[in-house]
Structures are given as C-alpha cells and as structure tokens.
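S.K.: Below: one structure in structure tokens.
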Amino acid sequence: MDVAARPALPRRNGPTAALLGMAVLVASEATLFAAMIGTYYYLRFETAVWPPRGVPEPKWVVPVILVAVLVCSSVPMELGSRAAQQGRLAAARSFFLVALVLQAGYFAYEVHDFADQLRETPIDRNAYTSVYYTLLGADHAHVFVGILFVVWLLGKLAFGLTPYRVNAARVITWYWHFVNLLTIVVLATLLSARA
C-alpha cells in the first residue's frame, strides 16, 4: 500500500526511535574507528620506517577509483530515501537497487583484493600489517552490513510503503552516508603511509 493512500498520522515531535538508534550505532562505530585510527598513527609515529621494509606500500589508484564509486552510491540512496518519503514506491525501489549494484560491485572487488593482499603479505608479519588489515577488514565489514541493510530494505519495500519503512529508508540512508565517510577516512589513513 502506498503511503499517500494511508490516513495521515499525527506528527511526532522530536527524532524517531529509529533515528536515535542509528545515531547511537554510528557514534559507537565512530568511536571504535577513532581508536583504531589512533592506534595506526601511534604505531606510525613510533616506528622509524613506515611501512616497514619488505612490506609493499598501499596501492592508491584502484582503491581511490573504487571509493569514488562507493561514494557515488550515496546519491541513489538519498534519492531513494526522498522518493520513499514522497510515497513514490517504484522510484524508491529503483534507486535503492541502483545503489545496491554499486555497493555490491565495490564489495566484491574489495573482498577479492583483500584476499590477494593477505596471500602476498600475511596479517601477522608486523604491527603495520596487523593494523592495516584490521582497519581495512573492519571497514569492509561495515560496507557488508550496509549492503545487508539495503537488501533487507528492498525486501520490505516489496510489500509497499508504510511509515515504518519510510523511517527505515531514512536511517539506512544515513548509515550508508556514514559508511562512505568512514571508508574515505580509512583510505586516507592507509594511504598516508605513502607520504
């Protein structure tokens, strides 16, 4: 059923429970990543050579292009959220599907690349490889969770729009924007080893 066909519900003052829950999740995840990034820079400034000899410098061309593609997925996510708020179900589904294709393409390549890097340079080689793979793996995990949210949302939207689903679209979109920002920060942190 379309949101426009439903009787108007009284507007609730203040943020929704979904928004508050997502704010708490984002704040806790931001704190976790701040600690990991702080560890990265602590190790970097306490080590004479970074990355250590024998460890290849992080590649930058393909990762920067892929992160740009991932960040572009925020556009259809935002458009999908707005379409859901306007009661345009078909448009919302289409935008979220486009976003999902971009997200899944990024994730598939990154998982493959992550496995290749692990084969080339094991995680337990030194402090650099440990913190490098921990940061990168945690970021990939967040991308995966974001993808699961979008898949779940598309499953819910298959049965129409409700105020609950419109709120879900909004907070999942906000989570996705956070994941993109987080990915940019993680990439910048890891590429700082090239400087």
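The values are calculated or read from the model by the stated rules, or taken from the named source; none is laboratory data. In this text the structure is predicted, and so the values were computed from the model without any measurement. Counting neighbours? That spans all protein chains shown, and the Cβs are built from the backbone with ideal geometry, glycine included. Heavy atoms of the whole protein, side chains included, go into the accessibility calculation; ligands, DNA and RNA do not. Shrake-Rupley method; radii C 1.70, N 1.55, O 1.52, S 1.80 Å.
S.K.: Is it the case, given these coordinates, that LEU118 is surrounded by 13 or more Cβ atoms within 10 Å (Cβ to Cβ) and in contact with a Cys (Cβ under 7 Å, 6 or more places away or on another chain)?
M.R.: No.
S.K.: Would you call LEU182 of a type in the set (A, V, I, L, M, F, W, C) and more than 10 Å from the chain's Cα centre (by Cα)?
M.R.: Spelling it out, it is not the case that LEU182 is of a type in the set (A, V, I, L, M, F, W, C) and more than 10 Å from the chain's Cα centre (by Cα).
S.K.: Among the listed residues VAL186, VAL179, which satisfies the condition of being over 19 Å from VAL98 (Cβ atoms), assigned to a helix (DSSP H, G or I) and either without any contact (Cβ under 8 Å) to a residue 60 or more places away in the chain or open to solvent by less than 40 Å² (accessible area, probe 1.4 Å) (or both)?
M.R.: Answer to the selection: VAL186.
S.K.: Of the conditions (1) at pLDDT 95 or above; (2) under 30 Å from GLU57 (Cβ atoms); (3) outside any helix (DSSP H, G or I), TYR106 clears all except one; give me its number.
M.R.: (3)
S.K.: Report whether or not VAL61 is open to solvent by 60 Å² or more (accessible area, probe 1.4 Å), out of contact with any strand residue (DSSP E or B) (no Cβ under 8 Å at 6 or more places or on another chain) and at pLDDT 90 or above.
M.R.: In short, yes.
S.K.: Another question about this same structure. Just checking, which of LEU157, LEU70 is touching a residue at least 40 places away in the same chain (Cβ under 8 Å) and more than 14 Å from the chain's Cα centre (by Cα)?
M.R.: Of LEU157, LEU70, the one residue that is touching a residue at least 40 places away in the same chain (Cβ under 8 Å) and more than 14 Å from the chain's Cα centre (by Cα) is LEU157.
S.K.: Kindly indicate whether any position in the stretch 67-74 is open to solvent by 60 Å² or more (accessible area, probe 1.4 Å), hydrophobic (A, V, I, L, M, F, W, C) and in contact with a helix residue (DSSP H, G or I) (Cβ under 6 Å, 6 or more places away or on another chain).
M.R.: Scanning the stretch 67-74 turns up no residue that is open to solvent by 60 Å² or more (accessible area, probe 1.4 Å), hydrophobic (A, V, I, L, M, F, W, C) and in contact with a helix residue (DSSP H, G or I) (Cβ under 6 Å, 6 or more places away or on another chain).
S.K.: Right, next: Could you check the stretch 141-154 and list, in sequence order, the residues that are without any contact (Cβ under 8 Å) to a residue 40 or more places away in the chain and within 15 Å of the chain's Cα centre (by Cα)?
M.R.: ALA141, PHE144, VAL145, LEU148, PHE149
S.K.: Could you tell me whether any residue of the stretch 143-154 is of a type outside the set (Gly, Ala, Ser), open to solvent by less than 50 Å² (accessible area, probe 1.4 Å) and farther than 27 Å from PRO63 by Cα?
M.R.: Checked the stretch 143-154: at least one residue is of a type outside the set (Gly, Ala, Ser), open to solvent by less than 50 Å² (accessible area, probe 1.4 Å) and farther than 27 Å from PRO63 by Cα.
S.K.: Also, I was wondering about something else. For the stretch 26-52, how many residues meet the condition of being touching a residue at least 12 places away in the same chain (Cβ under 8 Å), open to solvent by less than 60 Å² (accessible area, probe 1.4 Å) and assigned to a helix (DSSP H, G or I)?
M.R.: 9
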